[in-house]
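Just below is one structure, and these are the notes that go with it.
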Amino acid sequence: MEQYADIIINISHEAVDRVFQYRIPEKLQQAVQIGTPVKVPFGNGNRFQRGYVVGISQTPNFDVAKIKDIDSVEEKRITMESQLIQLAGWIKKQYGSTMIQALKTVLPVKDKIEQREQRTLQLLLTKEEGETLLLEYEKKHYKAKERLLLGLLKQPMMPYEVALKKLNVTSSVIKSLEKEQVLCVRTKQVHRNPVAYSVLEKETFTPIMLREEQQRIVDAFSKEYEEGIRKTYLIHGVTGSGKTEVYMELIAKVLEKGKQAIVLIPEISLTYQTVRRFVERFGGQVTILNSRMSKGERYDQFMRAKNGEISIVIGPRSALFMPFQKLGLIVIDEEHEMSYKSESVPKYHARETAIERARMANASVVLGSATPSLESYTKAMLGEFTLFTMKQRAKKQAVLPKVQVVDLRQELAKGNRSMFSGTLQSLMAERLQKGEQIMLFLNRRGYSNFISCRKCGYVAMCPHCDVSLTHHRGGSLRCHYCGYERPVPKICPSCQSKYIAGFGTGTQKVEEAVKKMFPMSRVLRMDTDTTKGKEGFDRILATFSKGEADVLIGTQMIVKGHDFPKVTLVGILAADLSLHSSDFRAGERAFQLLTQASGRAGRGELLGDVVIQTYNPEHYSIVTASKQDYEAFYQQEIVYRRLMKYPPVYQMLTIFITSKEQDLAIQASVALKDALVSFNHQREEIKEAGELLFIGPSEASFGKIQDLYRRVLYVKHLDYEMLVKSKDFLEGYIEYSVIFKEVQVQFDFNAMIVY
Ligand code: ADP
Ligand code: ZN
Ligand code: ZN
């Protein structure tokens, strides 16, 4: 059978839109696969070019007579480019996307406009020749030429800009000296370096003695690395146990072998503090990626990696696709973080994708967390990952904080209606008096300020979305999903009573309450309002870090890996809000948030206290978090997952259906389920592997957003492959069924969010 290959000539983000089809000669059919480098005749002159195969099919896209043959398969050696293309192929299959979408995810975006050049003047004369000429210029009163030559005699390689600005010569002067062959202008493409801390070069690095718990990990890893063993390790280490120090040792080990390393860190924890530690240790070999960088700046980092100018990249999810030729290690810090799952197609998970990339490149993966995901811990229990545990904090004086759980129902019974329990109030007073710092943590979810009627229970809702409107200062009500805005009603639109008012406690209200109770305290608030602008986030953290504020109030944002040695009290104002959601990961999230938030206290020499306020003091997430007992939490949580057949025990495919017409959305969701059920009955292999399990279809957790009706169907099976097959089948089905013209369907494997 004839086979055709889709080939891209230039390996870049833009090139994937220009795919060329070639015939695969019979003798090459075995060798040609996705990612294979091939030699092809290209253009009118049929000059040979290197291309990469990104797709294989049996159907020609145009006149068969005009399709050229692939000449040959380029070397056997697998290049980094082939690997990234293969990885795209894996992502396409594993998460369901088109090959183009997958390729665009793994290939860097080029940005031509921002390409920069650096011009340097180079003196072509010897010192003597130069000095003779200088005298000549002096005699002839060529002032500008004299200045430039004198400058070059002092500094024979001089940036063009310096000559213009410091020596105050014009470009025509430079040109005439160039003509006289006194100097030449060299042009170099430069790739910007976002790490501006070059002052902190390697010299300032003083090695620390690793603790036994840390050293054990380094030794075990090093031994296996030497033996050529490549695998995935999970470091379960309490907050402050020194995981980052361990990562750096492991990276040093891999670098010694001439290899390179990728370090993934959630964007929110990618602070100056963290980056500085890596730069202190590894100097100019380190670069970063983040979403605040321009496309051009990001592209430059990919080029620097490709050219071998750097060996370590620190960044969020997308740093996983750094084109390192000799990748040796991928570290994923805070591996439990939700942000490692992409929310746009392809909805890949960076942890799984990292493991696949490492497999292709013969590299190892190190995952680290104080609260590992159920997925990773289960793999560690099954022996698929190697588990390391660190139970103590690294700094001698730093011990884990004392945690108290306060029952908010009893506070209410005692007549305390404020948002601070008696315990928290007195601890706050004491810390403020001592001049120590406090962090107050608020779970944003469900804590938005909505308006409701105390008489009839009316809640002001968005007419386009199934969500309550948020009360903003200045008296407007706003929808966070579509931007709809209206004034706050003075009387209840439903029962006409005047008892309509704002409820719930946002960060602003906490701030007001703290200031009222402790008028002398200096309070900082960190939420999406105060962190707008490029540096808002870093600025607030820096102010707090310098001790210029006593209290820091915030949402999830403040719980992530910052190290403030003077924080001795952490208050979690209401630990329940994350428990009562329809998300099967709610218990896991609550445990993570509480543990991470508690971990902020007592990181320095001072002892720490944590107060967890809750209406459910007996919930296992709260009980185990207050004891910082991950294993106990894991044991209970995994029982629940097994019982309910949820991930990671079962695999889950989320099918998300939206339409402008409510009826169509309902019909479509039912049709998809029916189609799958009958597919299920026809296929022998599925019969053997066990039936698919369904939840729904039903209305999504927000039934309508921006006038689109939303429904959701969950499909579960022990075997991931079965879900991939189900999805492939449904995609075919959707193409041939008319009702899907006005309906959109999205697939998500083991989704991290609740639809
Ligand atoms: P984690 O990443 O587990 O939260 P870090 O690596 O940030 O922990 O370490 C917490 C603090 O302890 C940091 O200030 C770090 O410099 C310090 N630290 C880590 N290991 C050691 C050690 N072996 N000796 C002394 N201090 C250490
Ligand atoms: Zn009312
Ligand atoms: Zn809305």
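The values are calculated or read from the model by the stated rules, or taken from the named source; none is laboratory data. Because the structure is predicted, anything quoted here is derived from the model rather than measured. Every residue, glycine among them, receives a Cβ derived from its backbone with ideal geometry; neighbour counts consider all protein chains shown. Just the protein is used for accessible areas: all its heavy atoms, side chains included, with ligands, DNA and RNA removed. Shrake-Rupley method; radii C 1.70, N 1.55, O 1.52, S 1.80 Å.
Things worth noting here:
- Whole-percent carbon and sulfur share, accessible surface of the chain, 1.4 Å: 51
- Projected area, mean over directions - the range 567-689, Cα convex hull, nm²: 11.6
- On the beta carbon distance between Phe62 and Thr126, with R0 = 51 Å, the FRET formula returns roughly 0.20.
- For the listed residue pairs Lys140/Lys165; Lys704/Lys727; Lys515/Lys704; Lys516/Lys704, the alpha carbons are over 29 angstrom apart in Lys515/Lys704; Lys516/Lys704.
- For peptides 406-413, 711-718, sequence by mean Cβ density within 10 Å, most packed first: 711-718, 406-413
- Charge context of Lys145, other residues only, Cβ under 11 angstrom, K/R +1, D/E -1: -1
- If both residues of a DSSP beta bridge must be in the chain, then about 55% of such bridges are antiparallel.
- Ordering His349, Ala319, Met360 by Cα displacement along the dipole of the range 305-368 toward the positive end leaves Met360 in first place; charges were set at the Cβ atoms of Lys, Arg (+1) and Asp, Glu (-1).
- CD proxy at 222 nm, helix term only [per DSSP H run n ≥ 4: -39500 (n - 2.57); per residue of the chain; nearest 500]: -10500 deg cm²/dmol
- Cα-based reach from Lys223 at 21 Å (exclusive), listing lysines while leaving out same-chain residues under 8 positions away: Lys231, Lys243, Lys253, Lys257, Lys259, Lys326
- Each listed q (0.19 Å⁻¹) maps to a log10 I(q)/I(0) for the range 348-435, found by the Debye formula over equal Cα scatterers with no solvent: -0.95.
- Solitary cysteines of the chain, where the nearest other Cys Cβ is not under 4.7 Å: Cys184, Cys482
- The percentage of C-alpha pairs in the range 614-669 whose separation is greater than 15 Å is 66%.
- Across the chain, the mean sequence separation of Cα contacts (distance under 8 Å, 6 or more residues apart), normalised by length, yields a relative contact order of 10 percent.
- Check: the range 20-84 dipole with +1 on Lys, Arg Cβ and -1 on Asp, Glu Cβ, in debye: 100
- Shape category assigned to the range 297-387 from the gyration tensor of Cα positions, a/c cut at 1.5: prolate
- Computed FRET value (nearest 0.05) for Leu708 with Val345, which takes r as the C-beta separation and R₀ as 25 Å: 0.90
- Only Cα pairs under 8 Å and 6+ residues apart enter the sum, and on that basis the relative contact order of the range 213-359 stands at 26 percent.
- In order through the range 180-188: 3J(HN,Hα) via Karplus (6.51 cos²θ - 1.76 cosθ + 1.60), integer Hz, x for Gly, Pro: 6, 6, 7, 9, 10, 9, 9, 10, 10
- Shape of the range 262-309, Cα gyration tensor, a/c cut at 1.5: oblate
- Applied to the range 299-311, the Karplus parametrisation 6.51 cos²θ - 1.76 cosθ + 1.60 on θ = phi - 60° returns per-residue 3J(HN,Hα) values of 4, 4, 5, 5, 5, 4, 5, 5, 7, x, 6, 10, 10 Hz, with x for Gly and Pro.
- A Förster radius of 35 Å, combined with the Cβ-Cβ distance separating Glu661 from Arg292, puts the computed FRET efficiency at roughly 0.30.
- The listed peptides 58-71, 605-618, ordered by packing as a protection proxy, come out as 605-618, 58-71 (highest mean of other Cβ atoms within 10 Å first).
- Shape of the chain, Cα gyration tensor, a/c cut at 1.5: oblate
- The value obtained for the range 123-181, namely the Cα convex hull volume divided by the number of residues, is 71 Å³ per residue.
- Simple rule: put +1 on each Lys or Arg Cβ and -1 on each Asp or Glu Cβ in the range 604-700, find the dipole, and look at Pro647, Val610, Leu664; the Cα lying farthest toward the positive end is Leu664.
- For the range 328-338, the Karplus equation 6.51 cos²θ - 1.76 cosθ + 1.60, evaluated at θ = phi - 60°, returns couplings of x, 7, 10, 9, 10, 7, 6, 4, 7, 4, 5 Hz by residue, with Gly and Pro reported as x.
- Peptides ranked, highest mean first, by Cβ atoms within 10 Å: ranges 493-499, 237-243, 328-334, 457-463: 328-334, 237-243, 457-463, 493-499
- For the chain, a simple Cβ point-charge model (Lys and Arg +1, Asp and Glu -1, everything else neutral) yields a dipole of about 1880 debye relative to the Cα centre.
- Heavy-atom accessible surface of the range 192-309, averaged per residue, reaches 43 Å², computed with a 1.4 Å probe.
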